[in-house]
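Take a look at the structure set out below.
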Amino acid sequence: MQRKDIITLYNELLKNLQGDWILLGGGLLHVLGISERETIDIDLVLVKEITNRDQLNIMNVAVNNGYPPEVINFSAEFFVKRDSNWENEMVILYENDNVRIFRPSKKFFRKMKEQRGTETDLLDIEIFEKNIK
């Protein structure tokens with residue numbers, strides 16, 4: 001996905017999501033306007049326990065906008081919620097009457113990306129830390 005695709009889908013998600021969500025990964029860097037690299041998906045984590053209905057609703061948003069359902073990746077939840085302090089490391093990114101979107105703090109972004117440790121993850125850390133206060 002290119003930046004314009006991520007921004008388009010992100011804006012559609014904002015119209016359709018409810019509750020508290022965390023945006024992570026390369027998609028977050030695009031939404032923040034600090035990266036142009038292509039990514040294969042948007043990493044989203046529901047703050048509460050995600051249900052099949054939640055996942056299907058989001059996948060339908062993707063499909064209804066011309067993207068495959070797997071463009072939304074829910075597996076980041078594994079990296080986020082296994083940390084006992086994750087809730088204290090979230091920063092509000094967007095809020096309206098229906099939805100709040102959070103992003104990780106610099107410290108938590110680094111911690112999650114280092115766990116995977118790919119070359120892309122290490123570059124993402126560098127970009128994030130250079131551009132986020």
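Taking the DSSP beta bridges with both ends in segment 1-108, the antiparallel portion is around 60 percent. Here the Karplus curve 6.51 cos²θ - 1.76 cosθ + 1.60, taken at θ = phi - 60°, turns the phi angles of segment 82-94 into couplings of 7, 8, 5, 10, 4, 5, 7, 10, 9, 10, 5, 10, 7 Hz, with x standing for Gly and Pro. Once the chain from K4 to L56 is taken as fully extended at 0.36 nm per residue, the excess over their C-alpha distance is 16.4 nm.
Between E12 and E129, the modelled label-to-label distance comes to 3.6 nm, taking each label 7 Å out from Cα in the direction of the beta carbon. Applying both filters, DSSP loop and at most 11 other Cβ atoms within 10 Å, to the trypsin sites (Lys or Arg not before Pro) of segment 1-85 gives K48, R82. Please build a GNM for the chain, connecting alpha carbons under 10 Å apart, and tell me which residue among G26, G117, G66 fluctuates the most. Of G26, G117, G66, the Gaussian network model singles out G66 as fluctuating most. Remark on I72: its backbone amide H falls under 5 Å from those of I42, a criterion applied only to residues 5 or more positions apart or on other chains, H modelled at 1.01 Å from N. Distance between the 7 Å Cα→Cβ label points at K81 and N64: 2.5 nm.
Using the Cβ-Cβ distance between T118 and N96 with R0 set to 30 Å, the FRET efficiency from 1/(1 + (r/R0)^6) comes to roughly 0.35. Entry note, segment 1-89: relative contact order of 29 percent, from Cα contacts under 8 Å with a spacing of 6+ residues.
Given a Förster radius of 30 Å and the C-beta distance between I40 and K107 as r, what FRET efficiency does 1/(1 + (r/R0)^6) yield to the nearest 0.05? So the FRET efficiency works out to roughly 0.70. Relative to the compact-globule estimate of 2.2 N^0.38 Å, the Cα radius of gyration of segment 1-101 comes out at 1.01.
Counting Lys +1, Arg +1, Asp -1, Glu -1, what net charge surrounds E36 among other residues with beta carbon under 11 Å of its beta carbon?
Every neighbour counted, the sum reads +2.
Counting helices only, and only those DSSP H runs with n ≥ 4, report the 222 nm mean residue ellipticity of the chain as the sum of -39,500 (n - 2.57) divided by its residues, in deg cm²/dmol to the nearest 500. -14500 deg cm²/dmol, from helical runs alone.
Bear in mind that the values in this text are calculations on the coordinates, not laboratory data. If you're wondering where the values come from, they're calculated on a predicted model, not measured in any experiment. All Cβ positions, even for glycine, are placed from backbone atoms using ideal geometry, and neighbour counts span all protein chains on display.
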